[in-house]
Amino acid sequence: MSTSAPTSYRLVPDPPPVDAYLRLRAESGLSPKKREQAEAGLPGGWAACHIVDEATGEPVAMGRVIGDGGWYFHVVDMAVLPGHQRRGLGDRVLTHLLDTIRREAPAGAWVTLMADAPGRRLYARHGFTETAPESLGMGLTL
Ligand SMILES: CC(C)(COP(=O)(O)OP(=O)(O)OC[C@H]1O[C@@H](n2cnc3c(N)ncnc32)[C@H](O)[C@@H]1OP(=O)(O)O)[C@@H](O)C(=O)NCCC(=O)NCCS
């Protein structure tokens, strides 16, 4: 019989520290980013949260919203460390971010994201629908 206690998690309604952000992106399989990008980007978000594993004190999940506070809101950086996936943490992060928009933004907020395959069912459960073919996501890296 296992004697290990069930993992408990705490949601923090702020972005993760820079080191944790870089690790969360890289280890969850998102494109790795440079420290200078994280340092410039994290303070510029509209909302963010991360989830800490109480056993280790380490951030294991995160998500952010960038936006204008009026009606444009874009969900980014949805990431859960592989060892902590499929425990509802992605759902907790997205629920927190959407609740924040519902609470603080004027009615009619337009919430978008770029849906990589691993997140599509999660996003669909929260009401996101595909915008193609009328509107295709496009990107440009400078
Ligand atoms: C996408 C991602 C953030 C989802 O995080 P997550 O914590 O695994 O998400 P959840 O646990 O809330 O939900 C994922 C699945 O686990 C299931 N689940 C939730 N709790 C569970 C539990 N206790 N036991 C078993 N399954 C569970 C959910 O029902 C869901 O199933 P489905 O998607 O097959 O319908 C995560 O997979 C990830 O970081 N992927 C790599 C990075 C990435 O691609 N990010 C998205 C960029 S758009």
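Amide H to amide H distances under 5 Å link MET78 with ARG64, where only residues 5 or more positions off or on other chains count and H is placed in the peptide plane. Looking at the range 28-90, the trypsin sites (Lys or Arg not before Pro) that sit in a DSSP loop and have at most 11 other Cβ atoms within 10 Å of their own Cβ are LYS34, ARG86. Toward the positive end of the charge dipole of the chain, with +1 on the Cβ of Lys and Arg and -1 on the Cβ of Asp and Glu, the farthest Cα among GLY45, ALA107, THR95 is that of THR95. Sequence-ordered 3J(HN,Hα) estimates for the range 136-142 from the Karplus curve with 6.51, -1.76 and 1.60 and θ = phi - 60° stand at 9, x, 10, x, 8, 9, 9 Hz, glycine and proline given as x. The GluC sites (Glu not before Pro) of the range 1-99 that meet both conditions, a loop assignment by DSSP and at most 12 other Cβ atoms within 10 Å of the site Cβ, are GLU54. Sorted into 5 angstrom bins from 0, the C-alpha pair distances of the range 21-87 split as 4, 16, 25, 26, 16, 10, 3, 1 percent.
Size descriptors for the chain (Cα atoms only): Rg and Dmax, in that order, 15.6, 55 Å. Computed about its Cα centre, the charge dipole of the chain is approximately 280 debye, with only Lys, Arg, Asp and Glu carrying charge at their Cβ. Measuring between their Cα centroids, the range 120-138 and the range 42-89 lie 19 Å from each other.
Would you work out what percent of the accessible area of the chain, with all protein chains in place, is carbon or sulfur (probe 1.4 Å)? For the chain, the apolar C and S fraction of the accessible surface comes to 53 percent. Of the GluC sites (Glu not before Pro) found in the range 60-142, those that fall in a DSSP loop while having at most 14 other beta-carbon atoms within 10 Å are GLU130, GLU134.
The values are calculated or read from the model by the stated rules, or taken from the named source; none is laboratory data. Only a predicted model underlies this, so the values are computations on that prediction, with no experimental measurement involved. Cβ coordinates were reconstructed from backbone atoms using ideal geometry, including for glycine residues, and neighbour counts include every protein chain displayed. Accessible surface areas use protein heavy atoms only, side chains included; no ligands, DNA or RNA. Shrake-Rupley method; radii C 1.70, N 1.55, O 1.52, S 1.80 Å.
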